[in-house]
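Working notes for the structure below.
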Amino acid sequence: MVRCIDWQDGAVLLVDQTLLPGEERWLRVPDVDTLVDCIARLAVRGAPALGAAGALGVALAVAQAPDPASVAAAAERIRTARPTAVNLARGVDRALARLAEGPAAVLAEAQAVVAEEAASSKAIGQRGADLLGELCPPGPLRVLTHCNTGWLAAVEWGTALGVVATLQQRGRLGRVYADETRPLLQGSRLTAYELARLGADYRVVVDGAAPSLIARGLVDAVVVGADRVAANGDVANKVGTYPLALAGARAGVPFVVAAPESTVDVATPTGADIPIEERDPAEVAPSGIPAYNPAFDVTPYDLVTAIVTDRRTIRPTRPVAPLMPVTPVRPDRTDQERP
């Protein structure tokens with residue numbers, strides 16, 4: 001599968017998501033200034049893809065000016081371009097940690113981040129599809145999702161949409177309801193574009209209609225991604241996610257979060273500690289009209305049926321920190337639930 005972001009001939013290559021679905025344009029990003037702009041204007045977005053962008057951005061910085069002070073300044077600009085998705089900072093930190101070993105080591109680490117984010121998507125898809133098979137009734141499943149969580153957001157395959165794609169491969173997918181995702185319409189532009197490529201049966205719905213679809217019994221499961229999972233299991237995702245969790249809890253519909261293990265942030269105790277990005281009011285209101293434009297909301301852990309990562313399935317029935325052990329999970333312990 002083609003990656004939405006990668007390293008090619010000394011530059012970052014990425015698809016400009018702001019032009020989809022009308023135009024598929026690939027951008028060659030040769031410097032940090034251009035990359036920061038791409039991150040800020042959402043030409044590249046989605047937690048896993050941002051992790052890749054953060055790491056590759058440090059490689060760009062080293063190529064531009066290898067002295068430590070210049071690289072550190074550039075790395076900080078990349079890290080703070082979008083504050084909510086923890087993967088961006090983690091990608092930066094991983095590549096930056098190899099700085100003393102030279103440019104080749106930094107690039108190797110950055111490419112490792114890209115490869116790991118790509119590989120995790122397939123595992124998430126398999127694990128998430130298995131879980132829905134357990135939680136939901138037999139037969140084709142009707143899934144509701146929010147924002148965009150496919151290969152455009154996850155380097156390859158996808159997180160929540162990776163689960164959908166796996167269900168499609170298994171012949172278990174009925175219909176997908178894709179929230180339009182205001183104000184920039186990542187659902188109606190990007191998710192619809194990806195679902196059409198999958199050959200899935202789908203319908204775009206306005207954000208305000210989604211909870212009522214759940215209440216009317218038209219949805220078997222809600223599957224969303226995450227930009228950060230706090231240590232207690234609270235989940236930050238695209239604004240508009242929280243109402244879906246409330247509706248799911250009311251209707252008894254599973255609310256499943258699909259995200260790579262790298263999105264679990266043990267350094268953030270609860271959702272209240274997650275910085276919420278506020279974007280330009282002009283995205284939601286005409287010039288001169290005051291507006292509040294948070295890009296994310298936080299869903300409390302007790303509304304989450306399960307968090308599916310590439311390494312485990314977590315059922316956050318009560319707050320216990322940390323979610324992710326300090327030492328790597330052993331291969332014989334791929335599933336970990338809270339007591």
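The values are calculated or read from the model by the stated rules, or taken from the named source; none is laboratory data. Nothing here was measured: the structure is a model prediction, and the numbers come from that model. Cβ sites come from the backbone with ideal geometry, for glycine too, and all protein chains shown count toward neighbours.
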### Task
Please note which helices (runs of 4 or more DSSP H) are completely contained in region 1-100 and include at least 2 residues that are more than 19 Å from E117 (Cβ to Cβ) and of a type in the set (V, I, T).
32-40
### Message
Going by what's in this entry, would N148 be described as assigned to a loop (DSSP other than H, G, I, E, B) and touching a helix residue (DSSP H, G or I) at 6+ places or on another chain (Cβ under 9 Å)?
### Response
yes
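Rundown of residues vs (1) exposed (fewer than 14 other Cβ atoms within 10 Å of the Cβ); (2) aliphatic (A, V, I, L, M), yes/no style:
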position: L13; (1), (2): no, yes
position: E23; (1), (2): yes, no
position: T34; (1), (2): no, no
position: D37; (1), (2): yes, no
position: P48; (1), (2): no, no
position: I78; (1), (2): no, yes
position: L107; (1), (2): no, yes
### Query
Is at least one residue of region 16-25 out of contact with any Phe, Trp or Tyr (no Cβ under 7 Å at 6 or more places or on another chain), touching a residue at least 40 places away in the same chain (Cβ under 8 Å) and either under 23 Å from R228 (Cα atoms) or outside the structural domain of A110 (by TED's automatic domain parsing) (or both)?
yes
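Check region 225-247 and report whether any residue there is small (G, A, S), more than 21 Å from the chain's Cα centre (by Cα) and crowded, with 19+ Cβ neighbours inside 10 Å. Step through it out loud before you land on a result.
Going residue by residue through region 225-247, those that are small (G, A, S) are 225-226, 230-231, 233, 236, 240, 245, 247.
Now narrow it down to the ones that are more than 21 Å from the chain's Cα centre (by Cα): 247.
Now restrict to residues that are crowded, with 19+ Cβ neighbours inside 10 Å: 247.
Yes, region 225-247 has at least one match.
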### Task
Scan region 66-90 and report the pairs whose first residue is over 15 Å from A55 (Cβ atoms) and touching a residue at least 60 places away in the same chain (Cβ under 8 Å) and whose second residue is charged (D, E, K, R) and surrounded by 24 or more Cβ atoms within 10 Å (Cβ to Cβ), with Cβ atoms within less than 6 Å and a gap of 6+ or a chain change.
T84/D227
### Query
Listed residues L132, L107, L88, L152; which is under 24 Å from L190 (Cα atoms) and not assigned by TED's automatic domain parsing to the domain that holds L173?
L88
#### Entry: Subset of region 158-184 (residues that are within 16 Å of G128 (Cα to Cα) and either crowded, with 22+ Cβ neighbours inside 10 Å or in the same structural domain as A53 (by TED's automatic domain parsing) (or both))
G158, T159, A160, L161, G162, V163, V164, A165, T166, L167, L173, V176
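Could you tell me whether any residue of region 293-302 is without any contact (Cβ under 8 Å) to a residue 12 or more places away in the chain and out of contact with any strand residue (DSSP E or B) (no Cβ under 6 Å at 6 or more places or on another chain)? Before you say what the answer is, go through the steps one by one.
Step one: filter region 293-302 for residues without any contact (Cβ under 8 Å) to a residue 12 or more places away in the chain, giving none.
No, there is no match, as no residue in region 293-302 is without any contact (Cβ under 8 Å) to a residue 12 or more places away in the chain and out of contact with any strand residue (DSSP E or B) (no Cβ under 6 Å at 6 or more places or on another chain).
Collect the residues in region 101-127 that are in a loop (DSSP other than H, G, I, E, B) and in contact with an Asp or Glu (Cβ under 9 Å, 6 or more places away or on another chain), keeping them in residue-number order. Can you show your working first?
Of all residues in region 101-127, those in a loop (DSSP other than H, G, I, E, B) come to 102.
Correct list: empty.
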### Task
Go through region 267-292 and count every residue that is under 17 Å from the mean Cα position of the chain (by Cα) and hydrophobic (A, V, I, L, M, F, W, C).
2
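Consider V58 carefully, then state whether it is farther than 27 Å from V235 by Cβ, surrounded by 21 or more Cβ atoms within 10 Å (Cβ to Cβ), assigned by TED's automatic domain parsing to the domain that holds A43 and touching a Pro at 6+ places or on another chain (Cβ under 9 Å).
On the way: farther than 27 Å from V235 by Cβ: yes; surrounded by 21 or more Cβ atoms within 10 Å (Cβ to Cβ): yes; assigned by TED's automatic domain parsing to the domain that holds A43: yes; touching a Pro at 6+ places or on another chain (Cβ under 9 Å): no.
Taking the combined requirement at face value, the residue does not satisfy it.
In region 262-309, how many are of a type in the set (V, I, T), in contact with a Gly (Cβ under 8 Å, 6 or more places away or on another chain) and either under 23 Å from I39 (Cα atoms) or modelled with pLDDT under 95 (or both)? Spell out how you get there, then give the answer.
The first filter runs over region 262-309 and keeps only residues of a type in the set (V, I, T), leaving 263-264, 266, 268, 270, 274, 276, 284, 289, 298-299, 304-305, 307-309.
Filter once more, so that each one left must be in contact with a Gly (Cβ under 8 Å, 6 or more places away or on another chain): 298-299, 304-305, 307-308.
Okay, now just the ones that are also either under 23 Å from I39 (Cα atoms) or modelled with pLDDT under 95 (or both), so 298.
So the answer is 1.
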### Summary
Note on region 171-212: residues under 21 Å from P281 (Cα atoms) and free of Cβ contacts under 8 Å to residues at least 12 places away in the same chain are L185, G208
